[in-house]
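Report on the following structure.
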Amino acid sequence: MVLSFGGDGTLLSTARKVGRRQTPILGVNLGGLGYLAEISLSSLYPRVEELLSGAYRVEERMVLACRVNGSPDVYYALNDVVIEKGAYTRVVRIRTTIGGRYLNTYTGDGLIVATPTGSTAYSLSTGGPLVEPALNVLIVNPISPHTLTDRPMLIGCDQGIEALVQGGHDRMILSTDGQVERHLRVGDRIIIHKADYVVKLVLFHDKYFYDVLREKLKWGDGPASS
């Protein structure tokens with residue numbers, strides 16, 4: 001088991017380093033919001049006692065894999081793969097197919113493809129849905145779309161996504177988990193699909209996804225209704 005001390009960014013980096021080895025990861029939150037880090041530093045010692053007694057569970061989280069233009073280089077993401085316009089103000093156009101079938105050509109600031117784990121990350125800030133991590137779905141979420149009818153949607157995780165950059169400029173960015181980047185050009189084709197491995201996160205029996213949402217989003221903290 002690996003203990004990751006930091007915030008969600010540290011845990012994402014840890015997952016990229018050890019995830020394929022199937023080593024379980026326990027996140028210890030030293031930051032602020034922290035959806036992925038399971039415990040706080042103040043509760044570390046009692047939680048370690050639970051670990052030693054076997055009182056924990058391991059949850060498998062989907063990972064995304066993507067390639068650009070058929071390159072052998074593969075980029076992996078626990079949270080999301082993002083195609084964005086970068087520092088330029090010009091919008092980009094991304095022709096998107098799902099499972100080989102044409103879906104839409106998005107015009108706007110870019111496109112997010114997120115896992116259920118990543119539903120609480122960048123996708124959430126752009127109006128995407130909150131998704132329970134155990135669900136086998138992907139989130140396709142346009143960033144600031146030019147057309148108001150372009151809405152986030154969920155698709156089955158067994159379907160590959162192809163994003164063809166049809167318009168924009170030559171300094172667009174492909175980002176995985178907000179940590180690994182490469183430049184994109186008009187004409188680049190990005191293939192995104194479910195990876196051939198999962199990341200294993202260590203969780204405790206008294207804490208579940210909905211508990212984390214309630215805590216982080218301050219749900220139910222208002223005055224009780226009469």
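Does segment 210-226 include one or more residues that are crowded, with 16+ Cβ neighbours inside 10 Å and assigned to a loop (DSSP other than H, G, I, E, B)? First the steps, then the outcome.
Within segment 210-226, the subset crowded, with 16+ Cβ neighbours inside 10 Å is 212.
From what is left, the residues that are assigned to a loop (DSSP other than H, G, I, E, B) are none.
For segment 210-226, residues crowded, with 16+ Cβ neighbours inside 10 Å and assigned to a loop (DSSP other than H, G, I, E, B): absent.
With respect to residue 162, is the statement that it is assigned to a strand (DSSP E or B) and surrounded by fewer than 21 Cβ atoms within 10 Å (Cβ to Cβ) true? Spell out the reasoning first.
Values: assigned to a strand (DSSP E or B): yes; surrounded by fewer than 21 Cβ atoms within 10 Å (Cβ to Cβ): yes.
Answer is yes for this residue.
This table checks each residue for (1) basic (Lys, Arg); (2) modelled with pLDDT under 95.
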| residue | (1), (2) |
| --- | --- |
| 72 | no, yes |
| 83 | no, no |
| 91 | no, yes |
| 96 | no, no |
| 101 | yes, no |
| 104 | no, no |
(request) Report the residue count in segment 130-144 for those that are of a type outside the set (A, V, I, L, M) and in a loop (DSSP other than H, G, I, E, B). (result) 4
(request) Scan segment 165-188 and report the pairs whose first residue is surrounded by 14 or more Cβ atoms within 10 Å (Cβ to Cβ) and whose second residue is small (Gly, Ala, Ser) and outside any loop (DSSP other than H, G, I, E, B), with Cβ atoms within less than 6 Å and a gap of 6+ or a chain change. (result) 176/77; 177/77; 181/175
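From 109, 73, 80, which residue is within 22 Å of the chain's Cα centre (by Cα), outside the structural domain of residue 6 (by TED's automatic domain parsing), under 23 Å from residue 8 (Cβ atoms) and without any contact (Cβ under 8 Å) to a residue 60 or more places away in the chain? Steps first, please.
Numbers: 73 fails: under 23 Å from residue 8 (Cβ atoms); 80 fails: without any contact (Cβ under 8 Å) to a residue 60 or more places away in the chain.
When all the criteria are applied, what remains is 109.
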(request) Please determine, by comparing only the residues of segment 60-104 that are in contact with a strand residue (DSSP E or B) (Cβ under 6 Å, 6 or more places away or on another chain) and among the basic types (Lys, Arg), which one is farthest from residue 162 (Cα to Cα). (result) 61
(request) Just name the residue that is farthest from residue 64 (Cα to Cα) out of those in segment 115-129 that are outside any helix (DSSP H, G or I) and touching a Leu at 6+ places or on another chain (Cβ under 8 Å). (result) 129
(message) If residue 147 satisfies all but one of (1) surrounded by 16 or more Cβ atoms within 10 Å (Cβ to Cβ); (2) in a loop (DSSP other than H, G, I, E, B), what's the number of the condition it fails?
(response) (1)
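With segment 3-114 as the region, which strands (runs of 3 or more DSSP E) entirely inside it contain at least 2 residues that are exposed (fewer than 13 other Cβ atoms within 10 Å of the Cβ)? Steps first, answer last, please.
On the way: elements: 25-29, 57-68, 75-77, 80-84, 92-98, 101-108, 110-114.
Qualifying strands (runs of 3 or more DSSP E): 101-108.
Go through 143, 192 for me and flag whichever is of a type in the set (Val, Ile, Thr), touching an Asp or Glu at 6+ places or on another chain (Cβ under 6 Å) and modelled with pLDDT of 95 or more. Spell out how you get there, then give the answer.
Values: 192 fails: touching an Asp or Glu at 6+ places or on another chain (Cβ under 6 Å).
Among 143, 192, only 143 is of a type in the set (Val, Ile, Thr), touching an Asp or Glu at 6+ places or on another chain (Cβ under 6 Å) and modelled with pLDDT of 95 or more.
The values are calculated or read from the model by the stated rules, or taken from the named source; none is laboratory data. Bear in mind that the values here come from a model prediction, so they are computed numbers and not experimental data. Note that we place each Cβ from the backbone using ideal geometry, even for glycine, and neighbour counts take in every protein chain shown.
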